[in-house]
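To keep things clear, I will list the structure first and then write my remarks on it.
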């Protein structure tokens, strides 16, 4: 028996077990008897069904506190909010992990065939990429939003690994963007943006159906990769502070009021301008940790977000600030 046929048989068994368990309310013992297997094997089949996306479990309750907070965020900011319950005492590292896991499962609903999916590298998106649920699509493409090279590294290994996980999970082609995160000279960026090879990637970004990004923040407890990965010089940090920057999306910086066009470093940044991001019908932002509230507020003010996935304490801090 080939590996492919073994996988197909397991998928069929998992589907049958799922129908019996979730739709017919049979116990695991009853399913084991019907399938001629053990209770532990049924448990593994049900786990396989959830992990591979055959089964999608959703909890909806008007009394659930996360739902109440989600509704409040929708009313205030006109976004679809997915609030992940996480205890307040959870460390920021574990908080990010739990939000990333939920985000990976939610993202599967938004990805389909013949889509262009924009992905911004960073600590949050990297965490999400490790939990992606496979979903077969055709004709889809994952495009990198911003360059990852700096004076210490090409950034290719870091960014390409993130994009590869998305491509593998959704059966999509991957388009990397092999340019610096920040150019030394704004004129170099202008010249390169005229090149046909670069224009091809920029045109893909302009036709995105879905965009996925986190919020970079200079004071985040889990360091944002752009601030900790050697991308910014001391003068850059000082410039951002002097200009009132609270965060970035795809290495494009903004203030708490959402303004970004007159920030000096953005002239050298390789990330898409915010008009390009806003052109995408679905723009998914994932945030974990209250230290990113100011940055999140700025991204909301800039109109960058249609769907927001965040932990409960961050959501409450956003509503009360």
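A short reminder: the numbers here are calculations on the coordinates, not readings from a lab. Treat the numbers as computed from the prediction; the structure is a model and nothing was measured. As a convention, Cβ positions derive from the backbone with ideal geometry for all residues, glycine included, and neighbour counts pool all protein chains shown.
Looking at the chain, what % of its DSSP beta bridges pair antiparallel, to the nearest 5? Just about 20 percent of them are antiparallel.
Go ahead and estimate [θ] at 222 nm for the chain from helices alone: -39,500 (n - 2.57) per DSSP H run with n ≥ 4, summed, over the residue count, rounded to 500.
On the way: 14 runs with 146 residues, N = 321.
For the chain, the value works out to -13500 deg cm²/dmol.
Consider the candidate values (1) 31, 23, 20; (2) 38, 24, 16; (3) 35, 20, 18; state which one is semi-axes √(5λ) of the Cα gyration tensor in Å computed from the structure displayed. Read-out from the structure maps to (2).
Annotation for residue 15 and residue 188: the two label points, set 7 Å from Cα along the Cα-Cβ direction, are 5.3 nm apart.
Taking neighbour counts of Cβ atoms within 10 Å as a proxy for exposure, in what order, fewest first, do 261, 306 appear?
Working: 261 10, 306 18.
Ranked by crowding around the Cβ, least crowded first: 261, 306.
Spin-label pair residue 101-residue 319: with each label point 7 Å from Cα along the Cα-Cβ axis, the two points sit 2.4 nm from one another. Fully extending the segment from residue 199 to residue 41, taken as 0.36 nm per residue of separation minus the present Cα-Cα distance, adds 51.7 nm.
What is the calculated FRET efficiency for residue 75 to residue 278, with r their C-beta to C-beta distance and R₀ = 25 Å, to the nearest 0.05? Computed FRET efficiency for residue 75 and residue 278 comes out at 0.75.
Using R₀ = 25 Å, calculate the FRET efficiency as 1/(1 + (r/R₀)^6) where r is the Cβ-Cβ separation of residue 237 and residue 153; round to 0.05. The pair residue 237/residue 153 has a calculated efficiency of 0.85.
With R₀ fixed at 45 Å, the C-beta to C-beta distance from residue 29 to residue 114 puts the FRET efficiency at about 0.55.
On C-alpha positions alone, give me the angle between the axis of helix 196-206 and the longest principal axis of the chain, in degrees, nearest 10. With both axes taken from Cα atoms, the answer is about 60 degrees.
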